[in-house]
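Structure first, then comments.
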Amino acid sequence: MNLEIGPIFRAMMRNKVGAMLIMLQIAVTMTIIANGFSIIQERKALMARDSGVDIANSFHLSNVSFAEDFDMQTAVIDDLKAIRELPGVADAIQVNAIPLSGSGWSMGLQTEAGDDIDGSGTAVYMVDDHALSAYDVKLIAGRNFELTDLRWRTDNTNDWADVLIATEALTKSLFPDLTPQEVIGKTVFINNHEPIIIIGIIDKLQAPWSGWNNLDHVMLTPDRLAFRGNRYYIRAEEGVRDDVMKRVEETLSNRLSGRMIQGMESMEETQRESYTGASGMIKMLTLIMIVLTIITAMGIVGLASFSVNRRKKQIGTRRALGAAKNSIIRYFMIENLIISGAGVIVGAILTVGLNMILVQAFSLTPIAWYYVPIGMISLLVIGQIAVFGPAQKASSIPPALATRSA
Amino acid sequence: MLTMKDIKKVFRTDLVETHALRDFSLEVNEGEFVAVTGPSGSGKTTFLNIAGLLETFTSGSYVLDGMDVSNLNDKQRSKIRNEKIGFIFQSFNLIPDLDLFDNVDVPLRYRGFNSAERKKRIEESLEMVGLASRMKHLPAQLSGGQQQRVAIARALAGEPRFLLADEPTGNLDTKMAHSVMDLLHEINANGTTIVMVTHDMHLAKQAGRNIFVRDGRVSELHDVSQSEATDAISA
Ligand SMILES: Nc1ncnc2c1ncn2[C@@H]1O[C@H](COP(=O)(O)OP(=O)(O)O)[C@@H](O)[C@H]1O
Ligand SMILES: [Mg+2]
């Protein structure tokens, strides 16, 4: 079998424009597809991060008073008691902010007191002693809050509680060299100078902001909230969340006047909304990649069909000179392989180049090396599939065309 | 060498049937130089295409070089075209994007020769037609006569037993036509059987034998009479 690579290449170089354009199109398509895939995988990995909480069974709502004389402290205590007694409720807390909800508080913690010391940013959830159970998180060192740790935080409270519970990720960033056990009892500083003692470490909990670098940095403080508004975070028992949501809403609405129960939302919904940007981007990128692939395949079909039509007589002559149908098919397949081959080599360079720019400009994860060969092979295969139709058409040109056409 | 018996060739379209050959019978012996003349549309090219396995036929029998070629598949037919038959066309049919070397190389690659063998044959055959020095030229850089000589080199590089030419001088002026004819005679003298279709009675007469085709049938002429010759030319 003779592959004719040399003459195919030389003939192509005498009609380069079309081939060059398709080559570039293949290169660009590969660049965008490989980087697009990489970005999609990165986004998917972000979306798949463990939230730490029981997403499937939990929900939250806000509780806002409007009556001037509304007694929030009593309301919170009685509400929680009522909710916790409802059938199907695993546990419930009042809290200032909800993981992945997009809004909440953040503070900086530092290991030494002082004004110009870099701290670790962390989300702050103000909770009571039921938080670990409501979140369904694991205490990996130290202890939970006790009733004696709890205090009321009002609009006028300016200081911080004496103790906190932190996520392991937060303590790792504060004390990179210490084990969780060693961290227990350590003092950290908030607002530059105010000391707080770490009394417990939990495995995992997410901040309200899914795009934040410190998503896993969370501190819990033992604050009951006497603000005009707060939230309740409730974990239902396995599989009964929707019923529990209805029950909680009814119970709370009927219990007191002078306040509104609103914004009830499952954690599933909260998590989904938190990643709408990412999932929108995934959809858009996927669409672009599909459209681009189709356009490129059509370009290959178009160029090949054009060149088959242009070379009808030559193909008939080749057949007359002894080319079997297979040899004609092979000719066009190899021609495409040369074009696509050049395309994917240029594409590989562009892929890495574009990725470097994206990594720099948008701090994306660098592309995994194997996307490059996978992208190259995919486009080579797409090219071969696209050219097969025109190649087959070429092979059906009769040898008699050599004598019949002028 | 070539034996055709009662070959019929019918071209069918939805509307019409054209009987291009009717009971066409012919025998060509090894080493002959046969010229085929006849009015336009009489079936000369059809005969040549069938002889060269470019086209199949409707009925009849055809034995080429001792082999019945009536029922071969595409691959077998391609192989016979490649190995046993050389073609020369009226409009040369060189591949415009390939230089002379690569043009002559085309059938040799289908033959599966190694590159040293191909190179040797290409150089020898271009040498024979006097164009070895222009191997790297493109066809468009040559005159018509030169292009036809390249086509002849391409036809001969595989050393076929049998050379088929359809109006090989049809696109050439008289001087160039004569030089191509001289080349064909030389090739025939070296033992290659040649069948050539031509309009030109003068050139036909130079061949060893003349076949006259009319209405898809053969009328063999050893001595072309004046009236038929005129007939052929004016047709
Ligand atoms: N592919 C074809 N389809 C239909 N009719 C054809 C085809 N090729 C040739 N013919 C017809 O067959 C007849 C013989 O044609 P041809 O062999 O080309 O004649 P010549 O070469 O003697 O001029 C003509 O009537 C021509 O129109
Ligand atoms: Mg003809």
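The values are calculated or read from the model by the stated rules, or taken from the named source; none is laboratory data. All values derive from a computational prediction rather than experimental measurement. Here the Cβ is made from the backbone with ideal geometry for all residues, glycine too, and neighbour counts use every protein chain on show. Surface accessibility is based on the protein's heavy atoms, side chains included, excluding ligands, DNA and RNA. Shrake-Rupley method; radii C 1.70, N 1.55, O 1.52, S 1.80 Å.
If you go through the stretch B:133-142 one residue at a time, how many are open to solvent by 10 Å² or more (accessible area, probe 1.4 Å) and either within 14 Å of chain A (Cβ to nearest Cβ) or at pLDDT below 95 (or both)?
The number of residues fulfilling the criteria is 6.
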Checklist outcome for this item: Scanning the stretch A:1-24 residue by residue, those more than 14 Å from chain B (Cβ to nearest Cβ) and surrounded by fewer than 20 Cβ atoms within 10 Å (Cβ to Cβ) turn out to be A:M20, A:L21, A:L24
Checklist entry - Does B:G38 meet the test of being away from chain A (no Cβ under 13 Å) and within 16 Å of ligand 2 (Cβ to nearest atom)? => result yes
Checklist entry - Hey, any hits in the stretch B:205-212 for a residue that's modelled with pLDDT of 90 or more, away from ligand 1 (no atom under 16 Å from the Cβ), assigned to a strand (DSSP E or B) and of a type in the set (S, T, N, Q)? => result no
Item to check | Lone unmet requirement of (1) within 14 Å of chain A (Cβ to nearest Cβ); (2) open to solvent by 60 Å² or more (accessible area, probe 1.4 Å); (3) farther than 18 Å from B:L183 by Cβ for B:Q90 | outcome: (3)
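Restrict the check to the stretch B:70-84 and report whether at least one residue is within 14 Å of another protein chain (Cβ to nearest Cβ), assigned to a loop (DSSP other than H, G, I, E, B) and more than 11 Å from ligand 1 (Cβ to nearest atom). It would help to see each step written out before you state the result.
Looking only at the stretch B:70-84, we keep the residues that are within 14 Å of another protein chain (Cβ to nearest Cβ), and these are B:72-84.
Those left that are additionally assigned to a loop (DSSP other than H, G, I, E, B): B:72-73.
Checking the rest, the ones that are also more than 11 Å from ligand 1 (Cβ to nearest atom) come to B:72-73.
Yes: the stretch B:70-84 contains one or more residues that are within 14 Å of another protein chain (Cβ to nearest Cβ), assigned to a loop (DSSP other than H, G, I, E, B) and more than 11 Å from ligand 1 (Cβ to nearest atom).
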Checklist outcome for this item: Scanning the stretch A:314-333 residue by residue, the ones that are open to solvent by 20 Å² or more (accessible area, probe 1.4 Å) and more than 7 Å from chain B (Cβ to nearest Cβ) total 4
Checklist entry - Of all residues in the stretch B:146-160 being within 16 Å of the chain's Cα centre (by Cα) and without any contact (Cβ under 8 Å) to a residue 60 or more places away in the chain, which is most open to solvent (accessible area, probe 1.4 Å)? => result B:E159
Item to check | Of all residues making up the stretch A:208-225, the number that are modelled with pLDDT under 95 and either surrounded by 24 or more Cβ atoms within 10 Å (Cβ to Cβ) or not assigned by TED's automatic domain parsing to the domain that holds A:I198 (or both) | outcome: 0
Checklist outcome for this item: Of the conditions (1) open to solvent by 30 Å² or more (accessible area, probe 1.4 Å); (2) polar (S, T, N, Q); (3) within 16 Å of ligand 1 (Cβ to nearest atom); (4) in a loop (DSSP other than H, G, I, E, B), the single one that B:T18 does not satisfy is (4)
Checklist entry - Restricting attention to the stretch A:25-77, and to residues there that are aliphatic (A, V, I, L, M) and outside any helix (DSSP H, G or I), which single residue is most open to solvent (accessible area, probe 1.4 Å)? => result A:A48
Checklist entry - Looking at this structure, is B:F33 more than 16 Å from ligand 1 (Cβ to nearest atom), touching a residue at least 12 places away in the same chain (Cβ under 8 Å), open to solvent by less than 30 Å² (accessible area, probe 1.4 Å) and not small (G, A, S)? => result yes
Checklist entry - Taking the stretch B:39-55 only, how many residues are more than 12 Å from ligand 1 (Cβ to nearest atom) and without any contact (Cβ under 8 Å) to a residue 12 or more places away in the chain? => result 0
Checklist entry - Where residues in the stretch A:362-406 are over 30 Å from A:R319 (Cβ atoms) and open to solvent by 70 Å² or more (accessible area, probe 1.4 Å), which of them is farthest from ligand 1 (Cβ to nearest atom)? => result A:S363
Next on the checklist: With the structure loaded, tell me whether A:L252 is assigned by TED's automatic domain parsing to the domain that holds A:E42 and buried (at least 17 other Cβ atoms within 10 Å of the Cβ) or whether it fails that test.
Outcome noted: no
Checklist outcome for this item: Restricting attention to the stretch B:68-106, the residues that are touching a helix residue (DSSP H, G or I) at 6+ places or on another chain (Cβ under 8 Å) and of a type in the set (G, A, S) number exactly 2
Next on the checklist: Which count do you get for residues in the stretch B:97-132 that are under 20 Å from the mean Cα position of the chain (by Cα), open to solvent by less than 20 Å² (accessible area, probe 1.4 Å) and either at pLDDT below 95 or not hydrophobic (A, V, I, L, M, F, W, C) (or both)?
Outcome noted: 5
Item to check | Residue list for the stretch A:88-106, filter: touching a His at 6+ places or on another chain (Cβ under 9 Å) and among the aliphatic types (A, V, I, L, M) | outcome: A:A92, A:I93, A:V95, A:I98
Checklist outcome for this item: The helices (runs of 4 or more DSSP H) lying wholly within the stretch A:79-191 that contain at least 1 residues that are more than 29 Å from the chain's Cα centre (by Cα) and surrounded by fewer than 21 Cβ atoms within 10 Å (Cβ to Cβ) are A:180-183
Checklist entry - Within the set of pairs 6 or more residues apart or between chains, which connect a residue that is of a type outside the set (V, I, T) inside the stretch A:153-164 to a residue that is open to solvent by 50 Å² or more (accessible area, probe 1.4 Å) with Cβ atoms less than 7 Å apart? => result A:R153/A:R224; A:A161/A:R151; A:D162/A:I197
Item to check | Single residue of A:Q360, A:Q392, A:Q384 found to be within 24 Å of A:R14 (Cβ to Cβ) and in the same structural domain as A:L21 (by TED's automatic domain parsing) | outcome: A:Q384
Item to check | Number of the exception - B:E55 against (1) away from ligand 2 (no atom under 16 Å from the Cβ); (2) within 28 Å of B:A151 (Cα to Cα); (3) out of contact with any Pro (no Cβ under 7 Å at 6 or more places or on another chain) | outcome: (1)
Checklist entry - Do we find that B:R111 is of a type in the set (K, R) and more than 11 Å from chain A (Cβ to nearest Cβ) in this structure? => result no
Next on the checklist: Against the definition (away from ligand 1 (no atom under 16 Å from the Cβ), at positive phi and touching a residue at least 60 places away in the same chain (Cβ under 8 Å)), how does B:F92 come out, yes or no?
Outcome noted: yes
